[in-house]
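Comments concern the structure below.
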Amino acid sequence: MFSFFIISLGVFAQEGKIEMADELRSSGKIYVVVAVMTLLFVSFIVYLFTIDKRLKKIEK
Amino acid sequence: MNLITQVRFLLKKEILLEWRSKYAFNGILLYVISTVFVCYLSFKTTPPLVWNALFWIILLFAAINAIAKSFIQESKGRLLYYYQIASPQAIIIAKIIYNILLMILMATIALVFYSIVFQNNVGDVPLYFVAVLLGAISFSTVFTMISAIAAKASNNGTLMAILSFPVIIPLLMLIIKLSKNAMDGLDRSVSLDEIGVLCAINLIVIVISLLLFPYLWRD
Amino acid sequence: MYKNWWKILASILVLYTVIGGLLIQVPELPILHESIRNLYFHVPMWFAMIVVYLVSVIYSIKYLNSGNENHDLIAVESVNTGIVFGFIGLASGMIWANYTWGSPWPNDPKLNSAAISTLMYLAYIVLRSSIEEEQKRAKISAIYNIFAFPAMVVLLFILPRLTDSLHPGNGGNPGFGTYDLDRNMRFVFYPAVLGWILISVWIMTIRYRIRLIENKQNQID
């Protein structure tokens with residue numbers, strides 16, 4: 001899947017008629033954004049799971 | 001008694017009661033006329049778009065005031081009496097029909113008075129009248145059920161307004177669009193969509209009222 | 001025991017769309033540019049909201065038939081969750097609209113409809129708080145919920161189609177299927193919708209279970 005990303009990224013960078021955030025992608029800084037958003041979402045999910053678990057305990 | 005005779009009986013009773021006191025009718029009539037007059041004094045002349053919107057806003061508030069009374073006003077004794085002689089379906093149908101008649105009468109008078117006071121040329125008068133009729137019918141069907149809910153809750157007018165606005169706004173938007181088409185004198189085939197959707201919604205609302213009212217009535 | 005697999009599925013789906021939504025290629029369109037990626041995050045909110053409201057109506061109907069108090073609790077908590085998703089949808093839409101259509105609240109039927117349907121469910125909450133007696137409250141609010149739902153369907157699905165709209169799929173614009181949603185985007189968009197729907201249902205069940213425990217405590221006290 002990761003290689004798929006890279007390939008699509010390469011295709012992406014070649015055609016630049018309409019201005020897209022190519023700079024952000026070629027410099028690899030986009031991964032910083034991805035990392036931050038992933039972290040946020042993962043912590044959200046983990047938080048939900050812990051609430052779930054605690055509820056289960058109380059229900060017993 | 002079967003459903004139709006029950007409905008006819010209740011409807012007759014309702015009209016008779018109203019005829020004796022004429023309270024609701026006169027009150028609402030005066031309300032509409034004074035609101036129109038206040039609007040006239042503050043606006044003098046209006047562009048067509050405002051003319052149309054203003055008319056519907058006046059009618060909307062008149063309808064809320066008129067129909068809110070339909071369940072709240074009833075005394076305990078009369079409710080008990082209804083409970084014994086008629087099925088809940090008959091009661092809600094009778095109320096809806098009565099409110100439709102009341103609103104059609106009211107809206108027609110309001111329209112005549114409004115267009116005398118405010119000069120404005122409507123392109124397609126029959127279609128505008130159809131829009132007014134449909135509007136009156138939609139207001140009655142929706143508000144009758146809402147007023148039944150509000151009456152069960154806590155008998156105050158604020159709740160009636162809060163509950164009814166979100167439900168009536170989609171209908172009102174359609175009606176305003178339809179009547180705007182009529183004002184501009186557009187070809188009638190353009191407005192068929194709106195008329196169809198309005199009729200369909202009214203039908204759905206009536207069917208849902210019939211299904212839900214028994215639950216509301218039971219206690 | 002509550003089964004957990006669908007919660008994990010939801011997490012994986014949304015996690016995939018967070019990463020894929022930022023990295024997978026999107027069509028290059030004027031005005032939208034990269035902001036088309038918002039589609040993966042903004043639109044699923046509405047899907048989630050509608051599904052939770054649907055759950056609420058179903059449980060309202062069930063309540064009227066059964067008189068089971070728990071059904072009423074599910075209906076309320078669904079509405080509560082739906083309102084949260086509705087507000088997130090509105091807010092995210094406003095940010096996006098500000099940059100693509102030039103103002104946070106362009107006069108668009110979909111926006112107005114969404115705002116009004118949120119009002120409708122706020123009215124539902126007000127109605128509930130106005131009645132003291134529990135069974136009466138459950139019954140009357142269930143009736144209002146069922147009565148208001150068709151109006152919401154008209155608002156969100158029929159009305160925007162009759163008038164011009166900036167959103168795709170309305171006012172003669174072609175829908176998502178034919179317009180600008182190419183194959184790559186679909187691979188991310190559909191999982192995003194499914195994932196967020198599951199998450200909204202999950203949050204609803206958590207709220208419902210908390211409510212149950214609270215009720216039990218109140219009865220003991």
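Condition first: open to solvent by 40 Å² or more (accessible area, probe 1.4 Å) and at pLDDT below 90. Can you find one or more residues in the stretch C:192-208 that meet it? There is no residue in the stretch C:192-208 that is open to solvent by 40 Å² or more (accessible area, probe 1.4 Å) and at pLDDT below 90. Candidates are the residues of the stretch C:110-164 that are among the β-branched types (Val, Ile, Thr) and more than 8 Å from every other protein chain (Cβ to nearest Cβ); the one that is least open to solvent (accessible area, probe 1.4 Å) is C:Thr118. Look at C:Ser35 and say whether it is modelled with pLDDT of 90 or more and either in a helix (DSSP H, G or I) or among the small types (Gly, Ala, Ser) (or both). Here the answer is no, as C:Ser35 does not meet what is asked.
Taking the listed residues B:Ser34, B:Ser70, the one that is without any contact (Cβ under 8 Å) to a residue 60 or more places away in the chain, assigned to a helix (DSSP H, G or I) and polar (S, T, N, Q) is B:Ser34, with no other qualifying. Do you know which residues across the stretch C:1-54 are among the charged types (D, E, K, R) and over 24 Å from C:Asn98 (Cα atoms)? Correct list: C:Lys3, C:Lys7.
Looking across the stretch B:37-52 at every residue that is part of a helix (DSSP H, G or I) and more than 15 Å from B:Ser115 (Cβ to Cβ), the one that is most open to solvent (accessible area, probe 1.4 Å) is identified as B:Leu49.
I'm trying to understand the selection: among the residues of the stretch B:160-185, which are out of contact with any Lys or Arg (no Cβ under 9 Å at 6 or more places or on another chain) and open to solvent by 10 Å² or more (accessible area, probe 1.4 Å)? Once the filter is applied, which keeps residues that are out of contact with any Lys or Arg (no Cβ under 9 Å at 6 or more places or on another chain) and open to solvent by 10 Å² or more (accessible area, probe 1.4 Å), the stretch B:160-185 yields B:Ala161, B:Ile162, B:Phe165, B:Ile169, B:Leu172, B:Met173, B:Ile176, B:Lys177, B:Lys180, B:Met183, B:Asp184, B:Gly185.
Only one of the listed residues (B:Val207, B:Val190, B:Val122) is over 15 Å from the mean Cα position of the chain (by Cα), open to solvent by 30 Å² or more (accessible area, probe 1.4 Å) and under 30 Å from C:Ser60 (Cα atoms). That residue is B:Val207. Closer than 23 Å to A:Glu59 by Cβ, assigned to a helix (DSSP H, G or I) and among the charged types (D, E, K, R): is that true of C:Lys7 in this structure? In short, yes.
Evaluating A:Val11 against the criteria (1) at pLDDT below 55; (2) open to solvent by 40 Å² or more (accessible area, probe 1.4 Å); (3) closer than 23 Å to C:Ala10 by Cβ; (4) facing another protein chain (nearest Cβ under 7 Å) leaves one unmet condition, (3).
Given the structure, is C:Asn80 modelled with pLDDT under 90 and either outside any helix (DSSP H, G or I) or not β-branched (Val, Ile, Thr) (or both)? When the stated conditions are applied, C:Asn80 does not pass them. Remark: pairs (first residue in the stretch C:83-100, of a type in the set (Gly, Ala, Ser); second residue open to solvent by 70 Å² or more (accessible area, probe 1.4 Å) and in a helix (DSSP H, G or I); Cβ separation under 7 Å; 6+ apart in sequence or on different chains) are absent. Look at (1) within 20 Å of the chain's Cα centre (by Cα); (2) buried (at least 20 other Cβ atoms within 10 Å of the Cβ) and you find that B:Ala153 fails only one, number (1). Of all residues in the stretch B:45-68, at least one satisfies being out of contact with any Cys (no Cβ under 8 Å at 6 or more places or on another chain), among the hydroxyl-bearing types (Ser, Thr, Tyr) and farther than 19 Å from B:Tyr98 by Cα. A single entry from C:Val43, C:Val14, C:Val55, C:Val76 fulfils the requirement of being away from chain A (no Cβ under 14 Å), within 19 Å of C:Asn184 (Cβ to Cβ), β-branched (Val, Ile, Thr) and touching a residue at least 60 places away in the same chain (Cβ under 8 Å): C:Val43. Of the residues making up the stretch C:83-125, those that are touching a helix residue (DSSP H, G or I) at 6+ places or on another chain (Cβ under 9 Å) and either among the polar types (S, T, N, Q) or assigned to a loop (DSSP other than H, G, I, E, B) (or both) are C:Ser92, C:Thr100, C:Ser103, C:Pro104, C:Trp105, C:Pro106, C:Asp108, C:Asn112, C:Ser113, C:Ser117, C:Thr118.
The values are calculated or read from the model by the stated rules, or taken from the named source; none is laboratory data. Computed from a prediction, not measured in an experiment: that's the story for all the values here. Virtual Cβ from ideal backbone geometry, glycine too; neighbours counted across all protein chains shown. To get the accessible areas, we keep the full protein, side chains included, count just its heavy atoms, and leave off ligands, DNA and RNA. Shrake-Rupley method; radii C 1.70, N 1.55, O 1.52, S 1.80 Å.
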